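Sending over a structure as C-alpha cells; questions will come in a sec.
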Amino acid sequence: MNRLEQSFELLNENDGKAFVPYLMAGDGGLECLVDRLLLLEKFGATAIEVGVPFSDPVADGPIIQNAGIRALKSRTTLKGIITELAKARELVTIPIILMTYLNPIYAYGIGAFVQDIQNAGVDGCIIPDLPIEEEDMLVPQLAEAQIELIRLVTPATPLERIKQIAGRGKGFLYMVTVKGITGTRNLFQHDLNQFLRAVKELSPIPVLAGFGISSQEQINELTKYCDGVVVGSRIVELFEKNNLSEMEILMSIFNKNHK
Amino acid sequence: MKTYTLPNEKGHFGMFGGRFVPETLMKAILELEQEYENAKKDFNFHTEKDRLLKEYVGRETPLYLAENLSKYAGGANIYLKREDLNHTGAHKINNAIGQALLAVRMGKRKIVAETGAGQHGVATATVCALLNLDCIIFMGEEDIKRQALNVFRMELLGATVVSVSSGSATLKDAVNEALRYWVANVDDTHYLLGSVMGPHPFPTMVRDFQSVIGKETKEEFILRNGCLPDAIVACIGGGSNAMGIFYPFIKDKSVSLYGVEAAGQGIDTNFHAASLTKGKPGVLHGSLMYLLQNDDGQIQEAHSISAGLDYPGVGPEHSYLKDSSRAKYYAITDDEALESFQLLSRLEGIIPALESAHAIAFAVKLASEMEETQNIVVCLSGRGDKDVDAVKTRMEKGKENESFGTIL
C-alpha cells in the first residue's frame, strides 16, 4: 500500500475529509518549494498537488497560467522540481502528487521520468491531457513503480465512462466540478450535487472535487457528497499575495469540523 | 506502398496522432468521430457537401500550366492547382463546409475556431453566415495586427473575433484559447479546427475534406497528360492543403511529395517555423507530432512572415510521412518567399498568398533540377490580397535599410 492509499485509509477511519492544496512549483522561485510544502503540511493538507509549469496549459485558467509563466521565467524545469521534491521527501510525510501536462514528461523520457520521481518519493501523477485512451504509454511503468495515476472525470463524462475510469485507479478519483478550466468561481451549476452523488456511488475509490473551489462555504457544501477537495487557484493566489493567515484559515476547515 | 489505411482506430499514424485532450472534451470527440463515420456513409451528406463546393465555392478549381514560371525555372513544367480561386480565396473553405455541415447534423448551432492568417477564420465565418450558425473566432493579437483586413471581413460576416494576447499572441495561442472556450461550452458548440492537427478525428477528417484538391488534380492531370505528375509541392503550417493534395497520391510511388515549411529568418536562427526540419516529437493541442520545443518540453514560439505558417507543430500524418520517408520536407526563408511572391505576380499575373509563395519558391528550385519532360504540381493554396499590405511595408523597410547600407 503506498502513501496515498494509507492516507485515505486513515482519513476514512477517522471519518475525515481530504484537503489537497495545489501549488505551482517554481512560482516565487524553486528554492522556496520545500518550505511551502512543509507549510501546507503544517496547515493540515492531506496530500499536496505540485504543479509543473507548461508553456501551453489548455486546462488552466488565468491564475494558474500566470503562475506557470512566472515559474518558467525563473527557469523552472521538471528536472529541477524533481530534485527539490527528493529533498522535500526527507521532511514531508504526506503524499506528493505531481500535476503536469504530458509534453514535459515526454521530453524528459518516460522511463527516466518514472524512475526519477520514484526515487524522489512522488506518490501520484495527474496528467490533464492524458485520457484513458492514451494512458498505456505511461501507466504500466507507473504501476511498476507503485505510483498512482490520478484520473479525472467531469460533468461532461457519461456515467458508463465514469465507471470505467473510476475502476482503474487505486488513489482517488479527481472529480472536476465544472465544464471549464481551473480558476475560482462563485457559483456552481445547480445540478452539481446530483452529479457528485452519482460519481460517489459509482466510484470504488475516494472521490475528491476540484476546479473553481475557493471558499469554506463551497467546501462544506461539496464535501456533503464526496471525500474531500482539491484547491488550486485560490492557494496559488494566496501564496502570490503572501497571505498565509488566510490560507491557514481556509485549510483549517476540517480540523474544526472533525477534531 | 500498395495500401495505406492510416490512421488506426485510435487515430494513430504510427507513433503520431492520438487524442491527448482534457477529459471534458472526450465525450465530444468520441461523438464527433461517430458522427463523422455516419456522415461518410450518408449519401445525402456528400450530395449537400458537393453541391455547396460546386455552386457556392466554385469548384472544381483550375489546374493551370504556368508556362512563364516554368520557362523561368528552366526544367520541369510547373502546374498550379488554383485553390486561390475558391470563394474566400483559399483552400480553407473546403474543410469549413464539411465540418459546418457535420455540426448541423449534430445539432450544434455554435461554432468556435482559431485562425492564424485569418483565412480559416474568414472561411469559417462565411460558412456560418451561410448556414446561420453563431461564430466565435480566436486570433492572436499579433496576427490581428498583421491581418487587419481579414478581421474586418470576419466581423462583416457576423463573427465575433476575440483577440488573444497570451504567449506569442499568434496561432498557437489562439488554439489554446479556442480549446479553453470549447472545454467550457462543449455541449452546444463545435470546434471547427482549421488544419490536419488536433485530436483524432480532426487530422483524418480535415484531410478527407481537403482531399478534394488531390482528387481533382489527379483526374485532371491524367485526362490532359495521360500520366501522373512526377512531383507534388505544397506549403505546410499545420499542413491541411498539403495533406489534401498529397493524400490521393500516397499510394502512387512514382509521385514524389514535397512539403515546404517556413524557415523564417533561417533554420539555424531562433526565428523559424520549421517543425519537421528542426523539431522533435511531442504532444500539443491533442496530438503527438513534430514540435518546436526546448529540452524541457516547453513549446517554442514559431516565426514566419506568413501568419498561416506560424505554428510550432505540424499535423501527425505529415510527421508519419516524414519518418516513413514517403514525403520529403524542406524549408524556405521569408526572403525567398517574398521574392517568389513578386515573381509569380510578375510572371503569371497571379498574386499568391505568402504561405503559397513558400511552395512556389521551392518548386522553382526543384523544377530547375528536373527534366523538361517532367511535371510538378504546386498547390497554390491561397491568393495574396491579404498580404499585399504587409509585403509593401516589408519591401519599403528593405529599401530604407539598403539606402542606409544596413545589412539585415
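The values are calculated or read from the model by the stated rules, or taken from the named source; none is laboratory data. It should be emphasised that the depicted structure is a prediction, and the values quoted were computed from it without experimental measurement. Cβ placement follows ideal geometry from the backbone for every residue including glycine, while neighbour counts extend to all protein chains displayed. Heads up: the accessible areas ignore ligands, DNA and RNA and are worked out on the full protein's heavy atoms, side chains in. Shrake-Rupley method; radii C 1.70, N 1.55, O 1.52, S 1.80 Å.
Give just the number: which of (1) more than 18 Å from the chain's Cα centre (by Cα); (2) within 8 Å of another protein chain (Cβ to nearest Cβ); (3) under 19 Å from A:Tyr22 (Cβ atoms); (4) surrounded by 19 or more Cβ atoms within 10 Å (Cβ to Cβ) does A:Leu72 not satisfy?
The one condition A:Leu72 does not meet is (4).
Got at least one residue in the stretch B:15-31 being polar (S, T, N, Q) and buried (at least 17 other Cβ atoms within 10 Å of the Cβ)? Working first, answer last.
At the first step, the residues of the stretch B:15-31 found to be polar (S, T, N, Q) are B:24.
Applying the additional criterion that residues be buried (at least 17 other Cβ atoms within 10 Å of the Cβ) yields B:24.
For the stretch B:15-31, residues polar (S, T, N, Q) and buried (at least 17 other Cβ atoms within 10 Å of the Cβ): present.
Determine whether B:Leu291 is aliphatic (A, V, I, L, M) and buried (at least 21 other Cβ atoms within 10 Å of the Cβ).
Against the criterion (aliphatic (A, V, I, L, M) and buried (at least 21 other Cβ atoms within 10 Å of the Cβ)), B:Leu291 qualifies.
Would you be able to tell me the number of residues in the stretch B:327-375 that are open to solvent by less than 30 Å² (accessible area, probe 1.4 Å), out of contact with any strand residue (DSSP E or B) (no Cβ under 9 Å at 6 or more places or on another chain) and not in a helix (DSSP H, G or I)?
Here the count works out to 0.
Among the residues of the stretch B:240-288, how many are free of Cβ contacts under 8 Å to residues at least 40 places away in the same chain, part of a helix (DSSP H, G or I) and open to solvent by less than 20 Å² (accessible area, probe 1.4 Å)?
The total comes to 2.
Read through the list (1) within 8 Å of chain B (Cβ to nearest Cβ); (2) open to solvent by 10 Å² or more (accessible area, probe 1.4 Å); (3) part of a helix (DSSP H, G or I), then give the number of the only condition that A:Pro128 fails.
Only one criterion in (1) within 8 Å of chain B (Cβ to nearest Cβ); (2) open to solvent by 10 Å² or more (accessible area, probe 1.4 Å); (3) part of a helix (DSSP H, G or I) is unmet by A:Pro128, namely (3).
With the checklist (1) at pLDDT below 95; (2) out of contact with any Phe, Trp or Tyr (no Cβ under 8 Å at 6 or more places or on another chain); (3) away from every other protein chain (no Cβ under 14 Å) in hand, flag the one item B:Asn185 doesn't pass.
The single condition B:Asn185 does not satisfy is (3).
Got a sec? Which helices (runs of 4 or more DSSP H) wholly within the stretch B:13-83 have at least 1 residues that are within 14 Å of chain A (Cβ to nearest Cβ) and out of contact with any helix residue (DSSP H, G or I) (no Cβ under 7 Å at 6 or more places or on another chain)?
So the answer is B:23-40.
Just for helices (runs of 4 or more DSSP H) wholly inside the stretch A:51-111: which have at least 1 residues that are among the aliphatic types (A, V, I, L, M) and touching a residue at least 40 places away in the same chain (Cβ under 8 Å)?
Passing ranges, in order: A:62-73, A:78-89.
Can you tell me which residue in the stretch A:191-200 is surrounded by the most Cβ atoms within 10 Å (Cβ to Cβ), limited to those that are over 22 Å from A:Arg234 (Cα atoms) and of a type outside the set (Gly, Ala, Ser)?
The qualifying residue surrounded by the most Cβ atoms within 10 Å (Cβ to Cβ) is A:Val199.
Still on this structure: Enumerate the pairs (first residue in the stretch A:156-185 and within 11 Å of chain B (Cβ to nearest Cβ); second residue anywhere and aromatic (Phe, Trp, Tyr)) with beta-carbon separation below 6 Å, excluding pairs fewer than 6 apart on the same chain, so at least 6 apart or on different chains.
A:Val176/A:Phe211; A:Val178/A:Phe211; A:Thr182/A:Phe211
Taking the residues in the stretch A:180-224 that are among the charged types (D, E, K, R) and in a loop (DSSP other than H, G, I, E, B) as candidates, determine which candidate is nearest to A:Arg161 (Cα to Cα).
A:Asp191
Could you please find all residues in the stretch A:8-28 being touching a Ser or Thr at 6+ places or on another chain (Cβ under 6 Å) and either assigned to a helix (DSSP H, G or I) or open to solvent by 10 Å² or more (accessible area, probe 1.4 Å) (or both)?
Residue satisfying the conditions is A:Lys17 alone.
What is the one condition in (1) modelled with pLDDT of 95 or more; (2) within 14 Å of chain A (Cβ to nearest Cβ) that B:Lys172 does not satisfy?
Exception for B:Lys172: condition (1).
Could you tell me which of the residues A:Asn103, A:Asn66 is open to solvent by 40 Å² or more (accessible area, probe 1.4 Å), closer than 23 Å to A:Ile181 by Cβ and within 14 Å of another protein chain (Cβ to nearest Cβ)?
Within the list A:Asn103, A:Asn66, the selection yields A:Asn66.
Here's something else I'd like to know. Within the stretch A:234-243, is there a residue that is away from chain B (no Cβ under 14 Å), open to solvent by 10 Å² or more (accessible area, probe 1.4 Å) and farther than 24 Å from A:Arg36 by Cα?
Checked the stretch A:234-243: no residue is away from chain B (no Cβ under 14 Å), open to solvent by 10 Å² or more (accessible area, probe 1.4 Å) and farther than 24 Å from A:Arg36 by Cα.
Would you confirm, using the coordinates I've provided, whether B:Ala113 is crowded, with 24+ Cβ neighbours inside 10 Å, touching a Ser or Thr at 6+ places or on another chain (Cβ under 8 Å) and closer than 20 Å to B:Val206 by Cα? Give the steps one after another, and end with the answer.
Values: crowded, with 24+ Cβ neighbours inside 10 Å: yes; touching a Ser or Thr at 6+ places or on another chain (Cβ under 8 Å): yes; closer than 20 Å to B:Val206 by Cα: yes.
Criteria met by B:Ala113.
Within the stretch B:213-237, count every residue that is closer than 17 Å to B:Glu83 by Cα and either outside any helix (DSSP H, G or I) or in contact with a His (Cβ under 9 Å, 6 or more places away or on another chain) (or both).
7
Of (1) over 21 Å from A:Tyr22 (Cβ atoms); (2) modelled with pLDDT of 95 or more, A:Gln194 satisfies all except one. Which?
All conditions pass for A:Gln194, except number (2).
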